[in-house]
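The values are calculated or read from the model by the stated rules, or taken from the named source; none is laboratory data. Keep in mind the model is a prediction, meaning the values are calculated, not measured. Every residue, glycine among them, receives a Cβ derived from its backbone with ideal geometry; neighbour counts consider all protein chains shown.
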Amino acid sequence: MSLHDLTRPWAAFSYGFLDAEAKREMRRKLIKAIAVPGCQMPYASREVPIARGWGTGGLQVTLTLVNPTSVIKVIDQGADDSVNAASIRRFLTRVSGARETWDTTEASLIQSRHRVPEERLRADQVLVLQVPNPEPLRPVQPNMSIARQMHADADYARLWLVLYEQIVRAGRIMQGAAYPSMVNGRHVMTPSPIPRWDVPKLNMAQHLTILSAGREKRLYAVPPFTSVVPLAFSDVPYKVEDHAALTCARSGLSGYFMNEIPQAAGGSAYETSDSNLGIKAIRRAGGETVEIAPTWYQGGEFRP
Amino acid sequence: MSAMQRLAPVLMPGAPLLTLSGVSRRYGAVRALQDVALTVWPGEVLGIVGESGSGKSTLLRMLNLEDTPDAGDYRLALPESPGNLFALGRFARRQLCARAIGIVYQNPHLGLLMAHSSSGNVAERLLIAGERSFARLRARAREALEASEFPLSRLDDPPRDLSGGMQQRVQLAKAIALEPALLLLDEPTTGLDVSVQALVLDTLKRLQRDRRITMVIVSHDLGVIRTMADRVVVMRHGRVVEEGLVDQVFQDPQHPYTQELVHAKL
Amino acid sequence: MPNCDPPHAEVLAVEGLAKSFRMHHLDQTLHAFEGISFRLLAGEFLLLRGPNGVGKSTLLRTLYRSYLPDVGQIWFNHASGRIDLARAADVDIALLRRREIGFVTQFLVARPRVAAQDIVAEPLRRAGMAGDAALAEAQRWLAAFGVKRDLWRAYPTSFSGGEQQKVNLARALIQPPRLLLLDEPTASLDVGARAALVARLAELKAAGVALIGVFHHPGDVAALIDRDLMLSEKKVFDVAV
C-alpha cells in the first residue's frame, strides 16, 4: 500500500473560492436573515482576497450564491467600470465560471456598493449590497449589547429623536444616505449607504436583497414583497433627493439619480449615476436596438 | 408610652394607586431593604426620609422597576391592571415605566441625554409612547417644558449647557410629558443652590397643585419633605421605622431614630 | 352651607384622652394631659382655659392629629358616619382635614409664588367651586379681613406677620368646616381684622360649626363662648425604667 493508493489525484475542491463549510454557514445565516427580515445575523466572515471594508461582506454572499449559470453584475456607486467593481467582477467570474455582464436586465446576481439599479429588478434576480456599518443604532447607542436589546424591544425612539433634532436644527431631515428604515414593521435596518432615492425600491420589491458587512460580520435581508418604510414623521413626509429635474450631460436622460460633476468654470454638470443605464440610452440614441427594462422612477416620480 | 395602632382607611374613596408589600433586597451581605411596605393614594405626595444608606434610594429604584427585589409585591392601580409589577418581563416593564411612571434623578446624567436638545429629551419620552407627528412632539415637549417653568428661549439647548436647576426642569418635563400616574423624585433638589432649590420645589408644588400628580419623593432634607409631602415614611437600615402625616412625624416623632433625625435637622 | 349640622347634634366626643411625649434621647416622658373627656355639639363654642404651658395647644393639636394621643378616643361625627380620630388612618385624617376639620394658627404656611387670593380660594376650588366664583369669594374675604386690594395678587411670602395672618384666616374660614380648631387666631391681628374674625366666627357658629379655641384674650370672643374646659397644671416628668 502506498500513499498513492490512499489518496486521490489533485483536483480543485472548492468551487467559488469559499470552502464548503464556510458556504454552509453563509447559507444558514442567509436563511435566517430571510426568515427574520431586517434582523442582523452574525456570521464568521472569512478572509477573501480583498481588504476588509472593500466589499468583503458582499463578496462572501455572492461567492456563496454564485453557480456556473449565474450572470454577474458588480457596481460601485452605480458604475460597472470602476476599479473596485472590475476587480470584484473579474475575481467572481474567475473562481465560479459564471458569466459577467454590465446590463442590469441580464444579471441574475448583482453585487453593489451604495446604489440600487434604476431598472426594476425581477423576482429571479438577487441584489447583494455591501454594508460598511450594519447597525442603525450605533450613532445613538455605542454599546452594541444594549443596541441588540433595543432591537429586541423594538426600541427605536432614539432614531426618531435624531430625525427630530435634524428638523429642529436644520429645518429638514439631514440624513442623506443609510436612511434608517423599518423592515416588515419590526426591525429597523440601515439600507447601506444607498441614497434616499433608492430606499423606496426595496419596499415590496420582487427581488431579494441581501445586505452584508464583512468587517462587522453581520448580514441581513429584505425578502421579496417585504415592506421597507423609511422612518418619517406623519407630518414631515419622507423625501428623496431633488434630482427629478436634472438631465444627464452625456446621455440626455432625466428623472434619475445623478452624480454631480463640478466644472472647472464653476457650476455643475450631471451624469446618470447608474452608468449602464446611461450607456444604454446613448446606444439607443445612436440607433442600436437596446432593451431598457421599466425603471422604478418614471419622469422623476417613483411608481410603485 | 407608644401611640395607638392606627386603623385601616375607611373614608378614602377608591383604591390606593400604589401598593408595595414585603419588599426585601440583599446586595451580598448588605440588606438594603427589609420587608418594606408602602401605600400611596391618588393625588397624594409621600415623602421618604432617611440618612444615606437607609435604603430610600434603593426603594425608589424598585418603584421605577430598575431593580427587582428578592421578595415582594408591587402594584399600581392602572386601567390594564398589570398585576405584580416585579413579575413583569423587561419589555413589559419598559412599556409600563414609559407610560405610567416618571422619574427625576438627583444626577441629571442618569435621566438625560446631555448632548441632545432639551426639547428632544422630552420628545424622546413621547416617541417611546408612539407619538409620530413632529408638530405634536414639538408642541407637547414645549408644553411640558413650560409647565416645568423652563425658559422656552433655551428649548433646543442641550442639557450639558444648562445649569443644574435647569437640568432638573428638563428632567421634570420629561417625567411629566406623558402625564404619568406616578412621579418619582430622587433627591430632586440636592446639590442645587438654596435659591434654585426653592424655585424647583416651588415648581413641583405648583405642578402637584395644578395636576394632582401622585408623587413619591425621596430626600434626606426634611425641609424638602415638609414642603412637599402629605405623609412621610422614615427609613433606617432598610426598614420603615415610622410613618405618618408630615406634621405629626415632624412635631411628634415616635421612634428614637426619627426623634434624633428631627432634632438634628430642624 | 354644606356641613351644616342640626343644632345640638354631637360633633365630637372625647373620652379619656391622654398625651405624653416620650423623649428617647433623655429617656424621659413628658405628660401633657390625661383624662380629658368632653362632648361638643354643632354650633357650640368651647374655650380651652388654663395657665400657660398647661397643654391647651397640645390638646388642639392632638385633636387635629398633629400629635398622636396615647390613650382615649376622639369620636368625630363626619359627613357619613363616626370615626375615632385617635386611631384613624393617616389618609383619612388628611381627607377630613381637607373637608371637615379646620385648624387656624397664628402661623401661615405661605407658599412661594402663590398669590394671596389663590391661597384663599383654594379650599373652595378643591370643594368643586368654579375658578371665577371661588376667586370672587376669596376677594370678598380678603377685603373683609382688611387685606388691601393691591396685595390680593401678591405673594404672601413677602407680607408682614399681620397681613399673612389675615390671609391665613381668610383661607381657614372661607369654607365652613364641621369642626374648627382655633389656636390663638387673634394674636398679631389689628382691630379691624379682629372684628372681621369675630363676625365670621359668629356666622360659622350660627351655621352649626363646632368650635374649640385657645385665646390669649378670650374677651374678643366672649359673646360666642358656650362652655369652657379648664386644663389644670398636672405636668409630670417620669424617668422610665
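Residues checked against (1) over 25 Å from A:Ser145 (Cα atoms); (2) hydroxyl-bearing (Ser, Thr, Tyr):
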site: A:Arg28; (1), (2): no, no
site: A:Cys39; (1), (2): no, no
site: A:Trp54; (1), (2): yes, no
site: A:Leu65; (1), (2): yes, no
site: A:Thr69; (1), (2): yes, yes
site: A:Val74; (1), (2): yes, no
site: A:Gln77; (1), (2): yes, no
site: A:Ala86; (1), (2): yes, no
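For B:His220, work out the one condition from (1) part of a loop (DSSP other than H, G, I, E, B); (2) at pLDDT 90 or above it doesn't fulfil.
(2)
Which condition number in (1) part of a loop (DSSP other than H, G, I, E, B); (2) within 20 Å of C:Leu201 (Cβ to Cβ) is the one that C:Leu63 fails?
(1)
Yes or no, residue by residue, for (1) within 17 Å of the chain's Cα centre (by Cα); (2) away from chain B (no Cβ under 14 Å); (3) closer than 23 Å to A:Asp80 by Cβ; (4) not acidic (Asp, Glu):
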site	(1), (2), (3), (4)
A:Ile194	yes, yes, yes, yes
A:Ser212	yes, yes, yes, yes
A:Leu219	yes, yes, no, yes
A:Leu231	no, no, no, yes
A:Tyr238	no, no, no, yes
A:Asn259	no, yes, yes, yes
A:Ala285	no, yes, yes, yes
A:Glu301	no, yes, no, no
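Check A:Pro134 against each of (1) assigned to a loop (DSSP other than H, G, I, E, B); (2) out of contact with any Phe, Trp or Tyr (no Cβ under 7 Å at 6 or more places or on another chain); (3) of a type outside the set (S, T, N, Q) and name the one condition it does not meet.
All conditions pass for A:Pro134, except number (2).
Go through the range B:231-256 and count every residue that is of a type outside the set (D, E, K, R), free of Cβ contacts under 8 Å to residues at least 24 places away in the same chain and outside any strand (DSSP E or B).
6
Out of curiosity, is B:Asp202 touching a residue at least 24 places away in the same chain (Cβ under 8 Å) and farther than 30 Å from A:Phe233 by Cα?
When the stated conditions are applied, B:Asp202 does not pass them.
Out of (1) surrounded by fewer than 20 Cβ atoms within 10 Å (Cβ to Cβ); (2) under 24 Å from the mean Cα position of the chain (by Cα); (3) at the interface with chain B (Cβ under 9 Å from one of its Cβ atoms), the odd one out for A:Ala147 is which?
If we test A:Ala147 against (1) surrounded by fewer than 20 Cβ atoms within 10 Å (Cβ to Cβ); (2) under 24 Å from the mean Cα position of the chain (by Cα); (3) at the interface with chain B (Cβ under 9 Å from one of its Cβ atoms), just (3) comes out false.
Among the candidates B:Glu51, B:Glu80, B:Glu44, B:Glu66, which residue alone is at negative phi, at pLDDT 90 or above and away from chain C (no Cβ under 14 Å)?
It is B:Glu66.
Condition (residue is assigned to a strand (DSSP E or B), farther than 13 Å from C:Asp90 by Cα and either within 14 Å of another protein chain (Cβ to nearest Cβ) or of a type outside the set (Asp, Glu) (or both)) applied to the range B:2-17: is it met by at least one residue?
no
Going by the structure shown, is A:Ala123 modelled with pLDDT under 95, in the same structural domain as A:Ile72 (by TED's automatic domain parsing) and touching a Leu at 6+ places or on another chain (Cβ under 9 Å)?
For A:Ala123, the condition - modelled with pLDDT under 95, in the same structural domain as A:Ile72 (by TED's automatic domain parsing) and touching a Leu at 6+ places or on another chain (Cβ under 9 Å) - is not met.
Kindly evaluate B:Leu110 against the criterion of being among the aliphatic types (A, V, I, L, M) and either within 9 Å of chain A (Cβ to nearest Cβ) or closer than 22 Å to B:Gly191 by Cβ (or both).
So B:Leu110 passes the test.
Out of B:Arg75, B:Arg6, B:Arg99, which single residue is of a type in the set (Lys, Arg), surrounded by 14 or more Cβ atoms within 10 Å (Cβ to Cβ) and more than 12 Å from B:Leu182 (Cβ to Cβ)?
Answer to the selection: B:Arg6.
Just to verify a result, which residue in the range B:232-243, among those that are surrounded by fewer than 23 Cβ atoms within 10 Å (Cβ to Cβ) and of a type outside the set (A, V, I, L, M), is nearest to the other protein chains (Cβ to nearest Cβ)?
Taking the candidates together, the pick is B:Glu243.
Write out, first by first residue and then by second, each pair whose Cβ atoms fall under 7 Å of each other, whose residues are 6+ apart or on separate chains, and whose first residue, in the range C:18-29, is facing another protein chain (nearest Cβ under 7 Å) and in contact (Cβ under 8 Å) with a residue 24 or more places away in the chain while the second is of a type in the set (D, E, K, R) and in a strand (DSSP E or B).
These pairs meet every condition: C:Thr29/C:Arg22; C:Thr29/C:Asp238.
Go through the range C:149-163 residue by residue and tally those that are exposed (fewer than 13 other Cβ atoms within 10 Å of the Cβ) and under 13 Å from C:Val120 (Cα atoms).
Residues in the range C:149-163 being exposed (fewer than 13 other Cβ atoms within 10 Å of the Cβ) and under 13 Å from C:Val120 (Cα atoms): 1 in total.
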